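Some notes on the structure that comes next.
The values are calculated or read from the model by the stated rules, or taken from the named source; none is laboratory data. Everything numeric here is computed off the predicted structure, so don't read it as measured data. Note that we place each Cβ from the backbone using ideal geometry, even for glycine, and neighbour counts take in every protein chain shown.
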Amino acid sequence: MIPRAHGLKAWLVQRVSAVYMALYLFYFIFSLAAFPIRDYEGWRGFITAPSMSTATLVFLLALLTHAWVGVRDVVLDYVRIWPLRMTLLSVVAVALIACGAWAMRVLMIGGL
Amino acid sequence: MQNKRPRPVFLDLTKIRLPLTAVASIGHRISGVLLFLAIPFLIYFLDLSLRGPSGFAYVIRLLDGWPLRLLSVLLIWALAHHLFAGIRHLLLDIACGVSRESARRSAWMVNAGGLVVLLVAAGALLL
């Protein structure tokens, strides 16, 4: 489902997802700086730990939602030809949903 | 209400001077679009890196190559500028720094902060 991103709701979604992503990135960068990853086992252990893979999946879903609201605003501002606008928005929406499905597959199946 | 007189249109890009706040704003957009375009590659690399030792090694090798080093520097700038501009936006939302002087000052900090991160990333990844 494409979140109906307009008005106050889009404004709020954009900010909540932004704050979550900032906190996640802060944690991600600092834990990698504190405990550098040396090999595949280390990386896999870091990402697929239950709490981290959940947090990462939430991060990717927040990223996709945030990207939808942002790109939607950009398209609405610059693409004034209606059929082109609708086509672009549809392509972006499908691509983002596909990325979400892919991310879920990677983190839920690939991580096992 | 329809305006009968044609509105003045001034689009001479060589003469238009963007204020710092506008630079921070268009930079927020451009960096956002760049980060959006990076999403499938991010997920692809995550996928590859978790497939096994050889996939992980392949991702490391790709990231170590010059094309991706250059691209990484660009994306690190995009992330930094977008993050700083976003924090500025959140502060403006709670009416923090809305006066003209402080808005200009914070826009300057966003632009400069992005460039500092760009230089640090370029130094670390390209030298």
**OP:** Give the stretch B:77-100 a look and list any residue that's surrounded by 14 or more Cβ atoms within 10 Å (Cβ to Cβ), away from every other protein chain (no Cβ under 11 Å) and assigned to a helix (DSSP H, G or I), or say none.
**Re:** B:Trp77, B:Ala78, B:His81, B:Arg88, B:Leu91, B:Leu92
Original post:
Of all residues in the stretch A:76-103, which are more than 10 Å from every other protein chain (Cβ to nearest Cβ) and surrounded by 12 or more Cβ atoms within 10 Å (Cβ to Cβ)?
Top reply: A:Leu76, A:Val79, A:Arg85, A:Met86, A:Thr87, A:Leu88, A:Leu89, A:Ala93, A:Ile97
**OP:** Please work out which one of (1) surrounded by fewer than 12 Cβ atoms within 10 Å (Cβ to Cβ); (2) part of a helix (DSSP H, G or I); (3) not polar (S, T, N, Q) is the condition A:Ala22 fails and give its number.
**Re:** (1)
Original post:
From the list A:Ile29, A:Ile47, A:Ile37, which one is assigned to a loop (DSSP other than H, G, I, E, B) and of a type in the set (Val, Ile, Thr)?
Top reply: A:Ile37
Subject >> Flag if B:Arg51 is crowded, with 18+ Cβ neighbours inside 10 Å and of a type in the set (Lys, Arg) >> reply: no
Original post:
Within the stretch B:54-63, is even one residue modelled with pLDDT of 95 or more and either touching a Cys at 6+ places or on another chain (Cβ under 8 Å) or buried (at least 17 other Cβ atoms within 10 Å of the Cβ) (or both)?
Top reply: yes
Original post:
Among the candidates B:Val73, B:Val120, which residue alone is in contact (Cβ under 8 Å) with a residue 40 or more places away in the chain and either surrounded by 13 or more Cβ atoms within 10 Å (Cβ to Cβ) or not in a helix (DSSP H, G or I) (or both)?
Top reply: B:Val73
Original post:
Does B:Leu127 satisfy being on the phi < 0 side of the Ramachandran plot, away from chain A (no Cβ under 14 Å) and touching a residue at least 40 places away in the same chain (Cβ under 8 Å)?
Top reply: no
Original post:
Got a sec? Which of B:Ile39, B:Ile26, B:Ile16 is farther than 30 Å from A:Trp68 by Cα and among the aliphatic types (A, V, I, L, M)?
Top reply: B:Ile16
Original post:
Would you call B:Arg7 outside any helix (DSSP H, G or I) and within 12 Å of chain A (Cβ to nearest Cβ)?
Top reply: no
Original post:
Within the stretch A:34-75, restricting attention to residues that are aliphatic (A, V, I, L, M) and free of Cβ contacts under 8 Å to residues at least 12 places away in the same chain, which residue is surrounded by the most Cβ atoms within 10 Å (Cβ to Cβ)?
Top reply: A:Met52
